[in-house]
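Engineer: The structure's right below; bear with me while I get my questions together.
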Amino acid sequence: MKAVLDRITELRKKLNYHNYKYYIENSPEISDYDYDVLLRELQELERANPEYDDPNSPTRRVGSDLTKEFRTVRHRFPMLSLSNTYSLEEMHEFCERVRKEAGEVEYVCELKFDGTAISLTYENGRLVQAVTRGDGVAGDDVTANVRTIRSIPLELMGDDYPAFFEIRGEIIMPHASFERLNAEREENGEQPFANPRNAAAGTLKQQNSAVVARRGLDSFLYFVVGENLPYTSHWESVNKAREWGFKISNHMELCRGVECIDNYIRRVDALRHELPYDTDGVVIKVNDYAVQRQLGSTAKAPRWAVAYKFKAEQALTRLNSVDFQVGRTGAITPVANLDPVQLAGTTVKRASLHNADQIALLDIRLRDMVYVEKGGEIIPKITGVDLSQRPADSVPLEYIKTCPECGTPLVRYEGEAKHYCPNQGHCPPQIIGRINHYIGRRAMDIDGLGEETVALLYEEHLIGNIADLYDLKRGAIARLPRLGEKSADNIIQSIERSKEVPFHRVLFALGIRFVGETTAKYLAAHFRSLDAIRNASKEELMEADEIGGKIADSIIDYFADGENLAIIERLRDAGIRLEAEQREFASDQLEGMTFVISGTFKRHSRDELKGLIESHGGKNLAAVSSKTDFLLAGDNMGPAKLAKATKLGVTIIGEEQFETMIADGGDKILTDENSDDENLTNGQNNPKQGSLF
Ligand code: IVH
């Protein structure tokens, strides 16, 4: 048994090291695949030897789907806030106060990350607790969620860290993760997060840490806290922390005098838009611990540090009109039409007004001069009204009561901020939106059709729902303006090809509310056919992985609608795959990998192995060449093949190793393009961190 424990320890060490190389230093030494092989070996060993369980094992990064209540934990040292300054003058006043009390001192200038604060406790080099700021005195214990964040070390490197200390910093959501998450949410008919800060905070409070693991959170640490720390300055302590494996920003600078600080602020302000995450200012901290102690703190904030906040980029312009857009799910979004105005390098003509509550809250009226801001949000938003310029005769803006497209009275569901048009079956933008969703690349991939053509076909009454696509006639399409015989052929062919699309994508393509790509895969893997899903009760639906009550209710509503059932029958008649193929889709784990099989095997026939490779997204090749990634070698393999593979640097694997490659990964995550990949590989979403200066 000692050998097993030794191997487990070795694998954990190796994985922690490679994790650090990838997530902190951005210089991986091994491929994602090699990382995965190590991870899987460890998962196997841990599963077989539960007595060696360790909550800090790198395998725990995938999270667990057990839900949990958060425990409230008192902070050992209060989590203070920072006093804000909004101009260089105010910041100079801060420096002057420090100078009066402590003389000329050294400052550390750093970025002010726009995320959510966290305090991490390490005992003997191991992460033991992660707590949110809460009210500053006590916060929520979010340790299980924080363990899934790859840039947070579970075990420290080196041996000169204090036996017990806290380190504080910010959990952030990089832009890439934020955009991916919001696209997914919109696709599922869920409310997108307003900005990366809200998304990071919301994710950290998720009950299911497997969800956290998928969302691509990141961290920056900026404050080492403890009693009798063996350091004399902030700079020294955070640089030590970097050596222990923490992600410490490279954009920190030591400064003496306000000029140096001014310069730092100017440089960051100019360049911060190029960073792959949000910052909302800089933080200026007295470096020396002795001076920090001398200056002390108020109940709210230290006297030795100050934040300089960047002004949110804002412009004032006239609101001319408001459009109400109807989305695929019937959600209404009010959009402001503005006099064009320059803002943060782009011309803004339209801005989101979010919903009726927001309009009422800001008392926005037509012809008002409004403030438009581009904060963390991608779409500019209206944040206020210049009342001094309000026309005397203006009246409050009335929110629409009926759908602007079909006239149906709008509804507002409990707990939702948006209004909805409930006329799913006959409201044109909802119909067109659903058809566009159906033909999308990740759904049925009908690439001969585009949004404009769909609109045209709809206007010409050639299609009114997704099933009508399969009744389209070449001649009717060719007669339409801007189309013609060639486009018609193209369209018909790509519609025809959609009959080969596997079931899980058909399920996604149907556009059932809350059934996004990942959910569709879980459902398809569990139920294997549309009929089985349709006949399942709410409880049965919820037995499938990742399916909660909200999704189950939505599925039941979908199948309760006779029009949907009629469409499904027509899809069935057209030959669309409404059942999972025997071999269809087990996972994407071998996506992009090529294999040559050679020799005989103990547990599988060669045909079985070929089938497994395909069903996990890999490709079979007949002969070894430079295009081969793996030679799956059995007994009695020809020596020539082996020699060629060795010469070309092809990785040679046996049956058991192959099985590990396609194993379920222990936490039953089905892969779903890059988002879910993060669970099992060391991911690709880590923004590269370059130095600003
Ligand atoms: S130091 C006692 N440094 O800003 C000093 N805070 O507005 C504690 N923040 O609660 C904070 N970047 O969540 C510090 N480089 C940085 C920061 C930073 C972002 C956040 C932090 C704090 C808030 C105060």
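Engineer: So which residues in the range 302-326 are within 16 Å of the ligand (Cβ to nearest atom) and under 18 Å from residue 369 (Cβ atoms), if there are any at all?
Structural biologist: Within the range 302-326, 312 is the sole residue that qualifies.
Engineer: Can you tell me which condition residue 676 does not meet? The list is (1) buried (at least 17 other Cβ atoms within 10 Å of the Cβ); (2) under 25 Å from residue 520 (Cα atoms); (3) at pLDDT 80 or above, and all the others hold.
Structural biologist: Just one mismatch for residue 676, condition (3).
Engineer: Let me ask something additional. Within the group 451, 460, which residue is touching a residue at least 12 places away in the same chain (Cβ under 8 Å), surrounded by fewer than 17 Cβ atoms within 10 Å (Cβ to Cβ) and under 27 Å from the mean Cα position of the chain (by Cα)?
Structural biologist: Details: 460 fails: under 27 Å from the mean Cα position of the chain (by Cα).
When all the criteria are applied, what remains is 451.
Engineer: Is there any pair with a first residue in the range 618-630 that is of a type in the set (A, V, I, L, M, F, W, C) and a second that is surrounded by 13 or more Cβ atoms within 10 Å (Cβ to Cβ) and assigned to a loop (DSSP other than H, G, I, E, B) whose Cβ atoms are under 8 Å apart and which are 6 or more apart or on different chains, and what are they?
Structural biologist: Pairs found: 621/628; 624/650; 630/593; 630/650.
Engineer: Next up: Being aliphatic (A, V, I, L, M), touching a Gly at 6+ places or on another chain (Cβ under 8 Å) and within 23 Å of residue 428 (Cα to Cα) narrows it down to one of 477, 495, so name that one. Before you say what the answer is, go through the steps one by one.
Structural biologist: Values: 477 fails: touching a Gly at 6+ places or on another chain (Cβ under 8 Å).
Only one candidate passes the filter, namely 495.
Engineer: Can you pull out the residues in the range 277-288 that are in contact with a helix residue (DSSP H, G or I) (Cβ under 7 Å, 6 or more places away or on another chain) and either more than 9 Å from the ligand (Cβ to nearest atom) or at pLDDT below 95 (or both)? Give the steps one after another, and end with the answer.
Structural biologist: Initially, the range 277-288 is screened for residues in contact with a helix residue (DSSP H, G or I) (Cβ under 7 Å, 6 or more places away or on another chain), giving 277-279, 282, 284-287.
277, 278, 279, 284, 286, 287 - these are the residues of the range 277-288 that are in contact with a helix residue (DSSP H, G or I) (Cβ under 7 Å, 6 or more places away or on another chain) and either more than 9 Å from the ligand (Cβ to nearest atom) or at pLDDT below 95 (or both).
Engineer: Follow-up. Identify all residues within the range 560-583 that are under 27 Å from residue 211 (Cα atoms) and modelled with pLDDT of 95 or more; write none if there are none. Spell out how you get there, then give the answer.
Structural biologist: Filtering the range 560-583 for residues under 27 Å from residue 211 (Cα atoms) gives 580.
None; the set is empty.
Engineer: In the range 141-170, which residues are part of a loop (DSSP other than H, G, I, E, B) and among the aromatic types (Phe, Trp, Tyr)?
Structural biologist: Narrowing the range 141-170 to residues part of a loop (DSSP other than H, G, I, E, B): 142, 147-154, 156-163.
Residue satisfying the conditions is 161 alone.
Engineer: Taking residue 243 as the residue in question, decide whether it is away from the ligand (no atom under 12 Å from the Cβ) and surrounded by fewer than 17 Cβ atoms within 10 Å (Cβ to Cβ). Show your work before the answer.
Structural biologist: Working: away from the ligand (no atom under 12 Å from the Cβ): yes; surrounded by fewer than 17 Cβ atoms within 10 Å (Cβ to Cβ): yes.
Yes: the conditions hold for residue 243.
Engineer: Right, another one. Working only within the range 216-239, note down all residues that are within 16 Å of the ligand (Cβ to nearest atom) and under 12 Å from the mean Cα position of the chain (by Cα).
Structural biologist: Once the filter is applied, which keeps residues that are within 16 Å of the ligand (Cβ to nearest atom) and under 12 Å from the mean Cα position of the chain (by Cα), the range 216-239 yields 217, 218.
Engineer: Read through the list (1) touching a residue at least 60 places away in the same chain (Cβ under 8 Å); (2) assigned to a loop (DSSP other than H, G, I, E, B), then give the number of the only condition that residue 27 fails.
Structural biologist: Failing condition for residue 27: (1).
Engineer: Which one is farthest from the ligand (Cβ to nearest atom) among residues in the range 201-215 that are crowded, with 18+ Cβ neighbours inside 10 Å and outside any helix (DSSP H, G or I)?
Structural biologist: 208
Engineer: Moving to a separate point now. For the range 508-548, give me each residue that is in contact (Cβ under 8 Å) with a residue 40 or more places away in the chain and either among the acidic types (Asp, Glu) or in a loop (DSSP other than H, G, I, E, B) (or both).
Structural biologist: 510, 511, 512, 513, 514, 515, 516, 517, 528, 531, 545, 546
Engineer: Here is a follow-up. Looking only at the range 132-155, filter to residues that are surrounded by fewer than 20 Cβ atoms within 10 Å (Cβ to Cβ) and hydrophobic (A, V, I, L, M, F, W, C); which one of those is farthest from residue 207 (Cα to Cα)?
Structural biologist: 137
Engineer: Out of the residues in the range 98-133 that are in contact with a His (Cβ under 8 Å, 6 or more places away or on another chain) and in contact (Cβ under 8 Å) with a residue 60 or more places away in the chain, which is farthest from residue 267 (Cα to Cα)?
Structural biologist: Among residues in the range 98-133 that are in contact with a His (Cβ under 8 Å, 6 or more places away or on another chain) and in contact (Cβ under 8 Å) with a residue 60 or more places away in the chain, the one farthest from residue 267 (Cα to Cα) is 119.
Engineer: Same structure, new question: Test of understanding: among 385, 395, which residue is surrounded by 18 or more Cβ atoms within 10 Å (Cβ to Cβ) and either touching a Lys or Arg at 6+ places or on another chain (Cβ under 8 Å) or farther than 30 Å from residue 424 by Cβ (or both)? If you could, list the steps in order and put the result at the bottom.
Structural biologist: Values: 395 fails: surrounded by 18 or more Cβ atoms within 10 Å (Cβ to Cβ).
Only one candidate passes the filter, namely 385.
Engineer: Which residue, of 160, 218, is closer than 25 Å to residue 21 by Cα and crowded, with 22+ Cβ neighbours inside 10 Å?
Structural biologist: Just one listed residue meets the conditions, 218.
Engineer: Across the range 87-140, which residue is modelled with the highest pLDDT among those that are in contact with a helix residue (DSSP H, G or I) (Cβ under 7 Å, 6 or more places away or on another chain) and part of a loop (DSSP other than H, G, I, E, B)?
Structural biologist: 105
Engineer: Within the range 110-122, is there a residue that is out of contact with any Asp or Glu (no Cβ under 7 Å at 6 or more places or on another chain), among the basic types (Lys, Arg) and within 16 Å of the ligand (Cβ to nearest atom)?
Structural biologist: no
Engineer: Still on this model: Is it true that some residue in the range 167-175 is more than 14 Å from the ligand (Cβ to nearest atom), modelled with pLDDT of 95 or more and over 18 Å from the mean Cα position of the chain (by Cα)?
Structural biologist: no
Engineer: Can you name every residue in the range 289-300 that is within 11 Å of the ligand (Cβ to nearest atom) and surrounded by 16 or more Cβ atoms within 10 Å (Cβ to Cβ)?
Structural biologist: 292
Engineer: Pick from the range 249-283 the residues that are assigned to a loop (DSSP other than H, G, I, E, B) and among the polar types (S, T, N, Q): which of them is nearest to residue 195 (Cα to Cα)? Spell out the reasoning first.
Structural biologist: Quick first cut of the range 249-283, residues assigned to a loop (DSSP other than H, G, I, E, B) only: 249-252, 257, 275-278.
If we keep only those that are among the polar types (S, T, N, Q) too, we end up with 249-250.
On the way: 249: 21, 250: 24 Å.
Selected residue: 249.
Engineer: Quick check on my filter: what residues within the range 534-579 are more than 29 Å from the chain's Cα centre (by Cα), hydroxyl-bearing (Ser, Thr, Tyr) and buried (at least 18 other Cβ atoms within 10 Å of the Cβ)?
Structural biologist: Hits for the range 534-579: nothing passes.
Per-residue answers, yes or no, for (1) hydrophobic (A, V, I, L, M, F, W, C); (2) buried (at least 16 other Cβ atoms within 10 Å of the Cβ); (3) assigned to a helix (DSSP H, G or I):
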{"position": "581", "(1), (2), (3)": "no, no, no"}
{"position": "613", "(1), (2), (3)": "yes, yes, yes"}
{"position": "624", "(1), (2), (3)": "yes, yes, no"}
{"position": "632", "(1), (2), (3)": "yes, yes, no"}
{"position": "660", "(1), (2), (3)": "no, yes, yes"}
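The values are calculated or read from the model by the stated rules, or taken from the named source; none is laboratory data. Just so it is clear, the model here is predicted, and its values are computed rather than measured. Because the Cβ atoms are built from the backbone with ideal geometry, glycine has one as well, and the counts that use them run over all protein chains shown.
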